[in-house]
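Below is one structure, written out as structure tokens, with a few remarks after it.
The values are calculated or read from the model by the stated rules, or taken from the named source; none is laboratory data. Since we're looking at a predicted model, the values are computed, not measured. FYI the Cβ positions are ideal-geometry reconstructions off the backbone, even for glycines, and counts take in every protein chain you see.
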Amino acid sequence: MAGGGLNLMLRALTLGFRFGLSFYIVAFLGLEAAGIYGLAAGAVGVAPAAIGWGLNYFTAREVVGRTPDKVVALVKSRLFVTLVSLTLGSLGLAAFGLATGNFTDPIFLLILVLLWLETIALDLYLPLIGLELATQANVIVFVRSAVWVPVIIVLGIYVPALRTLEALFVAWIVCHLLSLVLMGFFLRRWPVMAELNAPIDRNWIAARLRQSWYIYFSDLGIVGLAFLDRYIVNWILGIGATGVYTFYWSIANALQTMMQTAVVQLALPRLLKSFREPTLDNWQRALRGEIVKTGILATSLAAAIFVAVEIVIRFDPGGRFPHYTGLLALMMIAAVARAGSDLLNTTITSTGRDRYYAITNVAGVAMTLGFGIFFISEFGLIGSGLSALVTATLLVIARAAYVRRVYRLEVAQRQAATAK
């Protein structure tokens, strides 16, 4: 199978497994467990950005064209920052836990291990992409993110003692460790061991940290948009409501992930290439085509997912799944809007306006926080759907207005340059 086909298949399987995991947790572990899992998954998703300091942006670019020994040395310096940050963060959490009596349940130790592994895994994944080892990188991601899911579902169904979050997290950790072994196999001819004694490049670290602040806030914005709402729900409504929210969020997120894979990521090379042409005619034509494609595909998928989920929930004989038709509808519409917003973000990236890209991501977090607190406080759980929809809609409007402004500016500049 060609690399592109294999990568698409792995992403589809990962998405399908994670989708099924949400139904398994709610059906067999309960809404409270679903809420705890949602908060843990959110922490695991946020950690790489929160202590990544924006450095992976530079690492992924700077490994391109380097020899294996230089790549290993560079990644080692990057991992040094990560390990120091993880160590200090873990010590801080331990001190806070001892002082307040929080984080005493053993499950928190498993979550902490996952935070470490996920952060290190992302630091190793992005350089592989930069080295054009996308197939190997995606196989590694599949092992750590998805292989354990059907295993723990089958074990949980047939072995009641394993229907616990602890068993789920242990399976996740085991597959993380297996993915590191697999990476070692893929890179077995690289001088990894020989370069472990290479000095840490502190000058590179200092220089990149001075440059990475807006990338860092942009990264925080991206993960904040994805995960902040669940913590607001937990704060205002409690862990059971968080379980309901996480269940429906996972359904809506499946649509957004499909759109990222099928449309948004594929649009960037075309938009980048056409933007560099002397005129913007092809860029404008390509953008219009991608907008139409995104609108039709996202709306069709949202309708299909909505109907399928409604059928499953309504006809589930055990009544195991929470039924919130209004919340599902709002979150699916918000997912369609986010697909459009993601495409516009990619469009902004194609123009080289990275700072505006970062600004809108940070603004999105501020809107999520403000709207989330207001709508959830006023309307309860349905308010989380309203918050998601309003935030996504405003981001679409802001990004569309900026893209239109950039287009007019670029056209004027190029016409002026041609006239000289």
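Does residue 164 count as within 19 Å of the chain's Cα centre (by Cα) and either farther than 20 Å from residue 79 by Cβ or of a type in the set (Ser, Thr, Tyr) (or both)? Against the criterion (within 19 Å of the chain's Cα centre (by Cα) and either farther than 20 Å from residue 79 by Cβ or of a type in the set (Ser, Thr, Tyr) (or both)), residue 164 does not qualify. Per the listing 372, 364, 319, the residue uniquely surrounded by fewer than 22 Cβ atoms within 10 Å (Cβ to Cβ) and either among the small types (Gly, Ala, Ser) or touching a Lys or Arg at 6+ places or on another chain (Cβ under 8 Å) (or both) is 319.
Scanning the stretch 266-320 for residues that are polar (S, T, N, Q) and within 21 Å of residue 407 (Cα to Cα) gives 274, 279, 282, 284, 294.
Scanning the stretch 281-290 for residues that are over 26 Å from residue 26 (Cα atoms), in contact with a Ser or Thr (Cβ under 6 Å, 6 or more places away or on another chain) and surrounded by fewer than 19 Cβ atoms within 10 Å (Cβ to Cβ) turns up at least one hit.
Does residue 87 satisfy the condition of being surrounded by fewer than 18 Cβ atoms within 10 Å (Cβ to Cβ) and under 22 Å from residue 115 (Cα atoms)? Judged against the criteria, residue 87 is a match. Of the residues making up the stretch 94-120, those that are more than 23 Å from residue 75 (Cα to Cα), touching a helix residue (DSSP H, G or I) at 6+ places or on another chain (Cβ under 7 Å) and part of a helix (DSSP H, G or I) are 107, 110, 111. Scanning the stretch 223-261 for residues that are among the aromatic types (Phe, Trp, Tyr) and either surrounded by fewer than 19 Cβ atoms within 10 Å (Cβ to Cβ) or on the phi > 0 side of the Ramachandran plot (or both) turns up 231, 235.
The residue list 340, 352, 364 contains one member that is at pLDDT below 90, of a type outside the set (Val, Ile, Thr) and under 19 Å from residue 290 (Cα atoms), which is 352.
When the stretch 1-60 is filtered for residues that are among the β-branched types (Val, Ile, Thr) and in a loop (DSSP other than H, G, I, E, B), only 51 remains. Could you grab me the full set of residues in the stretch 193-219 that are part of a helix (DSSP H, G or I), surrounded by fewer than 20 Cβ atoms within 10 Å (Cβ to Cβ) and aliphatic (A, V, I, L, M)? Within the stretch 193-219, 193, 194, 205, 206, 207, 209 meet the criteria. Would you mention how many residues in the stretch 238-252 are hydrophobic (A, V, I, L, M, F, W, C) and either under 13 Å from residue 37 (Cβ atoms) or outside any helix (DSSP H, G or I) (or both)? Adding up the residues that qualify gives 4. Take the conditions surrounded by 15 or more Cβ atoms within 10 Å (Cβ to Cβ) and either acidic (Asp, Glu) or farther than 21 Å from residue 15 by Cβ (or both) and apply them to residue 177. Does it pass? For residue 177, the condition - surrounded by 15 or more Cβ atoms within 10 Å (Cβ to Cβ) and either acidic (Asp, Glu) or farther than 21 Å from residue 15 by Cβ (or both) - is not met.
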